[in-house]
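I have placed the structure first, in the form of structure tokens, so that the comments after it can refer back to it.
The values are calculated or read from the model by the stated rules, or taken from the named source; none is laboratory data. Everything numeric in this text was worked out from a predicted model, so none of it was measured. Note: ideal-geometry Cβ built from the backbone for every residue, glycine included; neighbour counts use all protein chains shown.
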Amino acid sequence: MSSVSARLALSLTLAMVSVQPGPMAMTVLPVTLPDLTGSADRVFRGVCLSAEVGTAEFAGARIATTTYTFEVGEYLKGGGGKTVTFRQVGTPRGGPADLGRAAGLPVYTPGLEYVIFLLPESKARLTSPAGARRGAFLVSGEDVIVPDDIAGLSPSAAPRGRDTSAGAGGDRVPYRTVRDSILKTLAGAPPARR
């Protein structure tokens, strides 16, 4: 890697880590469901169909990316076709030098279902979830695994138990509760705090 590419990679990593809270952050501020909803360009529930590793040119450097395709079951904000395809920095196998991992971005597994709060696409045609890893909720049946540090769900969002299979774990909350909270936020109604 040339010294210019190395400096660019370091600059991108530092910029991403400072903008998106991730595993390198010392203090993490709470994120609310209305924050994620407001920041997102699109919010949808869908099944990951594929994850294809590639590269993107950015400021004269090549960075590793993954293109994900989802079959959308429901749009909660924004819209589109039956599938959504987007490109995100990082790769599923990453490693310590992976920009996606450094920024705290999620990795999606084909065959699994998620609720994703997707940011607008950048000029480099890259995007990621609002709140990094916190903006992608794993769906399990009719429950959503909501990260521990997400606030802003209605009081009826009584957790159905803990789920530690998603890494850091989270509360199992009925999908309809998450859906209703997102739709209330979009309608301008102040959601109750969890």
Sole residue being surrounded by fewer than 16 Cβ atoms within 10 Å (Cβ to Cβ), modelled with pLDDT of 50 or more and more than 20 Å from V107 (Cα to Cα), chosen from G161, G169: G161
Residues of the stretch 100-113 satisfying the condition of being buried (at least 22 other Cβ atoms within 10 Å of the Cβ) and touching a strand residue (DSSP E or B) at 6+ places or on another chain (Cβ under 8 Å): G100, A103, L105, P106, Y108
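Residues are listed down the side, and each one gets a yes or a no for (1) farther than 14 Å from R125 by Cβ; (2) at pLDDT below 95:
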{"residue": "K77", "(1), (2)": "yes, no"}
{"residue": "K82", "(1), (2)": "yes, no"}
{"residue": "R87", "(1), (2)": "no, no"}
{"residue": "D98", "(1), (2)": "yes, yes"}
{"residue": "A103", "(1), (2)": "yes, yes"}
Within the stretch 40-66, tally of residues that are in contact with a helix residue (DSSP H, G or I) (Cβ under 8 Å, 6 or more places away or on another chain), surrounded by 13 or more Cβ atoms within 10 Å (Cβ to Cβ) and small (G, A, S): 3
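Within 20 Å of D143 (Cβ to Cβ), touching a Phe, Trp or Tyr at 6+ places or on another chain (Cβ under 7 Å) and of a type in the set (S, T, Y), is that true of Y68? Steps first, answer last, please.
Numbers: within 20 Å of D143 (Cβ to Cβ): no; touching a Phe, Trp or Tyr at 6+ places or on another chain (Cβ under 7 Å): yes; of a type in the set (S, T, Y): yes.
Here the answer is no, as Y68 does not meet what is asked.
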